[in-house]
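The values are calculated or read from the model by the stated rules, or taken from the named source; none is laboratory data. The structure displayed is predicted, hence computed values, not measured ones. Note: ideal-geometry Cβ built from the backbone for every residue, glycine included; neighbour counts use all protein chains shown. Just the protein is used for accessible areas: all its heavy atoms, side chains included, with ligands, DNA and RNA removed. Shrake-Rupley method; radii C 1.70, N 1.55, O 1.52, S 1.80 Å.
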Amino acid sequence: MKQSNTLGKKHFPARKAALWMFSALALGTLSGCGWFATDEKAQLEQQWLARDQQLQQAIEQIRSQGLDAINRGAEVSSVTACVAEKLSQDPLGELIQVDGVLAEPARVSELLGQIQQLLEQGFSFENAAALLNKGADLAAYVSTLIESQGIDKALADVEQLLKNGTDIKDQQLGGHLQTLLNQCRQSPPKGNG
């Protein structure tokens, strides 16, 4: 009795089609979750940072060493010290850890509302799946806040920001953080004459 080989040449086109369909499904899923938009935001962020090498170096140091470490060890009066101080004082400053955040177009109030909703729900696999469906960026923002502050403090800070009638809520997140960083740009030294 001869057994048929289901992986033989006869069925190869079907396997190739199945692989193509799986790839298309994966691509659609990742696009819907924001994976490719994140790359675009990271590129836009790099273009913005490329305009000022000192700001770019400050952000790279903060992302590699952490905001607290830079805050403690940066040279006084340096651009890096200024950036670390401004970000530490801002309730959303910790989000600088997320690649592409400086190009985030979403309104702060909308993001905060989504973050608050997710933090209040607590962690479960269903909530994790819902978080990924809302986008990779939102997932990164939530995890960064939880990692840096813990769930309770992150939730309290988000609730406080939502309650306050500050101008920050109407700004785009990336624009808000860019404004903070622009305050640290080095102006050319003035002459003594």
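List of remarks:
- In the range 126-143 there is at least one residue matching the filter, namely being at pLDDT 80 or above, within 17 Å of the chain's Cα centre (by Cα) and surrounded by fewer than 18 Cβ atoms within 10 Å (Cβ to Cβ).
- Residue among Gln65, Gln61, Gln114, Gln54 that alone is farther than 19 Å from Ile151 by Cα, buried (at least 17 other Cβ atoms within 10 Å of the Cβ) and either modelled with pLDDT of 90 or more or not β-branched (Val, Ile, Thr) (or both): Gln61
- The range 86-100: number of residues that are on the phi < 0 side of the Ramachandran plot, part of a loop (DSSP other than H, G, I, E, B) and surrounded by 20 or more Cβ atoms within 10 Å (Cβ to Cβ): 2
- When residues of the range 178-193 are limited to those that are at pLDDT 80 or above and closer than 23 Å to Gln65 by Cβ, the one most open to solvent (accessible area, probe 1.4 Å): Gln183
- Complete set of residues in the range 69-85 that are at pLDDT 90 or above and open to solvent by 70 Å² or more (accessible area, probe 1.4 Å): Glu85
- Filtered by the rule that a residue be under 25 Å from Leu161 (Cα atoms) and out of contact with any Ser or Thr (no Cβ under 7 Å at 6 or more places or on another chain), the range 57-80 gives Ile59, Ile62, Arg63, Gly66, Asp68.
- Of all residues in the range 58-82, those being under 20 Å from the mean Cα position of the chain (by Cα) and not in a helix (DSSP H, G or I) number 1.
- Inside the range 156-177, residues that are open to solvent by less than 30 Å² (accessible area, probe 1.4 Å) and either over 14 Å from Ile96 (Cα atoms) or at pLDDT below 80 (or both) make up a count of 3.
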